[in-house]
Amino acid sequence: MMTLDELEIGKSGVIMAVNGEGALRRRLLDIGLVEGTRVECLQRSPAGDPIAYLIRGAVIALRTEDSSRILVEYC
């Protein structure tokens with residue numbers, strides 16, 4: 001298992017857990033980051049932050065600080 005920010009470009013993973021508290025956790029769950037969801041890392045910005053992910057058919061950009069709270073497993 002690894003965190004979402006460690007997922008390599010072009011690779012996919014399945015969300016195993018969403019860590020965090022309060023509004024941040026609620027925001028991550030609201031955009032579809034729930035256990036069992038498949039996520040693909042599409043690209044990183046030139047500076048490395050944020051990172052674009054394909055989540056349930058939508059492209060979502062997350063800061064490394066936020067994506068480091070999500071545990072994924074390669075699929």
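Within the range 6-19, the set of residues being open to solvent by 30 Å² or more (accessible area, probe 1.4 Å) and farther than 11 Å from Glu73 by Cβ comprises Glu6, Glu8, Ile9, Gly10, Lys11, Asn19.
Consider the range 35-54. How many of its residues are open to solvent by less than 40 Å² (accessible area, probe 1.4 Å) and at pLDDT 95 or above?
Pass one, the range 35-54, residues open to solvent by less than 40 Å² (accessible area, probe 1.4 Å): 37, 39, 41, 45, 48, 51-53.
The next check asks that each one be at pLDDT 95 or above; those that pass are 37, 39, 41, 51-53.
Of the residues in the range 35-54, 6 are open to solvent by less than 40 Å² (accessible area, probe 1.4 Å) and at pLDDT 95 or above.
Taking residues in the range 55-75 that are under 14 Å from Asn19 (Cβ atoms), and partners anywhere that are outside any strand (DSSP E or B) and open to solvent by 90 Å² or more (accessible area, probe 1.4 Å), the pairs with Cβ atoms closer than 6 Å and at least 6 places apart or on different chains are Leu71/Met1.
Contact map, the range 7-21: first residue under 14 Å from Glu35 (Cα atoms), second residue hydroxyl-bearing (Ser, Thr, Tyr) and open to solvent by less than 50 Å² (accessible area, probe 1.4 Å), Cβ cut-off under 6 Å, separation 6 or more or different chains; pairs are Ile15/Thr37. Number of residues in the range 42-75 that are part of a helix (DSSP H, G or I) and polar (S, T, N, Q): the value is 2. The set of residues from the range 11-34 being closer than 10 Å to Ile70 by Cα, among the small types (Gly, Ala, Ser) and either modelled with pLDDT of 90 or more or in contact with a Cys (Cβ under 9 Å, 6 or more places away or on another chain) (or both) comprises just one member, Ala17.
The values are calculated or read from the model by the stated rules, or taken from the named source; none is laboratory data. Note that this is a predicted model, so its numbers are computed, not measured. Cβ atoms come from the backbone with ideal geometry, glycine included; neighbour counts cover every protein chain shown. For accessibility, only protein heavy atoms count, side chains too; no ligands or nucleic acids. Shrake-Rupley method; radii C 1.70, N 1.55, O 1.52, S 1.80 Å.
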